[in-house]
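The next block holds one structure in the form of structure tokens; read it before the comments.
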Amino acid sequence: MVNIVIFGAPGSGKGTQSDLIIQKYGLHHISTGDILRGEIANKSELGIIAEGFISKGQLVPDELIIRMLAEILDKAPTEKGFIFDGFPRTLEQGEALDKLLKEKGTCILAALNLEVEESELIERILKRGVLSGRKDDNLETAHARLKVYYSQTEPLKDFYKKQGKKINIKGTGNIEDIFERICQSIDRIIK
Ligand code: ADP
């Protein structure tokens, strides 16, 4: 199985690039943000809890999100592999993911780290807010999300670096060029 984590700050293009990766490599896309937005739309118990955190730009607690991911992994098709988008977001989630995959006899092959500078991240988030109406894509929440990213998610860079799995990808320029860089990395690791 080819299991890849796509990693990066809010607005770094994880979702956009994931869509292209799944088309080309046939991986199963797991986006915790999309799943949570689905739960909110369905007004499920998890959705109602999650909405309170998401609207403030905070992370949904590890315990809830790890349980949600474990259930999804149990139901997901396992022929080809997964692209994990927006998960893990904390060290605890990273460790939980390794454990869950180990139980299935597999592991993460690479963590693609999309690098984009902060001013561009904010610009992209605000633009997406206008286009998609995503409620957390406003200036105040974007700043809160970035703060959370630097304090809680960035330590995962070291986690994957120590495992020899971190691959830095320049996340600026046009979408096709970024995707080309990603493909070169993926092709190298699956060879
Ligand atoms: P972005 O990367 O632009 O912030 P996402 O759709 O990945 O967008 O996430 C939106 C929000 O959903 C996050 O700000 C957070 O509140 C919540 N969320 C998504 N994934 C996780 C996760 N793995 N752990 C905790 N909260 C999460």
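The values are calculated or read from the model by the stated rules, or taken from the named source; none is laboratory data. Just so we're clear, the structure is a prediction, and the values are computed from it rather than from any experiment. Using ideal geometry, Cβ is built from the backbone for each residue, glycine included, and neighbour counts are taken over all protein chains shown. Keep in mind that these areas ignore ligands, DNA and RNA; they rest on the heavy atoms of the full protein, side chains included. Shrake-Rupley method; radii C 1.70, N 1.55, O 1.52, S 1.80 Å.
Structure data summary
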item: Subset of the range 13-29 (residues that are crowded, with 19+ Cβ neighbours inside 10 Å and either more than 7 Å from the ligand (Cβ to nearest atom) or among the aromatic types (Phe, Trp, Tyr) (or both)); result: Gly13, Gln17, Ser18, Ile21, Leu27
item: Looking only at the range 106-123, and only at residues there that are of a type outside the set (A, V, I, L, M) and open to solvent by less than 70 Å² (accessible area, probe 1.4 Å), the one that is farthest from Asn138 (Cα to Cα); result: Thr106
item: Conditions (1) within 12 Å of the ligand (Cβ to nearest atom); (2) within 25 Å of Gln17 (Cβ to Cβ); (3) more than 16 Å from the chain's Cα centre (by Cα); number of the one not met by Arg89; result: (3)
item: Residue in the range 53-74 that is surrounded by the most Cβ atoms within 10 Å (Cβ to Cβ), counting only those that are among the charged types (D, E, K, R) and free of Cβ contacts under 8 Å to residues at least 60 places away in the same chain; result: Asp62
item: Verdict on Lys161 being farther than 17 Å from Tyr25 by Cβ, more than 16 Å from the ligand (Cβ to nearest atom) and surrounded by fewer than 19 Cβ atoms within 10 Å (Cβ to Cβ); result: yes
item: Where Glu45 falls short, out of the listed (1) buried (at least 18 other Cβ atoms within 10 Å of the Cβ); (2) farther than 27 Å from Glu117 by Cα; result: (1)
item: Failed item in (1) in a helix (DSSP H, G or I); (2) at pLDDT 95 or above, with Asp74 passing the rest; result: (2)
item: Failed condition for Pro155, given (1) more than 13 Å from the ligand (Cβ to nearest atom); (2) farther than 14 Å from Ile4 by Cα; (3) over 16 Å from the mean Cα position of the chain (by Cα); result: (3)
item: Breaking point among (1) within 16 Å of Lys165 (Cβ to Cβ); (2) loosely packed, with under 15 Cβ neighbours inside 10 Å, for Leu91; result: (2)
item: Qualifying residue in the range 52-67 (condition: out of contact with any helix residue (DSSP H, G or I) (no Cβ under 8 Å at 6 or more places or on another chain) and hydroxyl-bearing (Ser, Thr, Tyr)); result: no
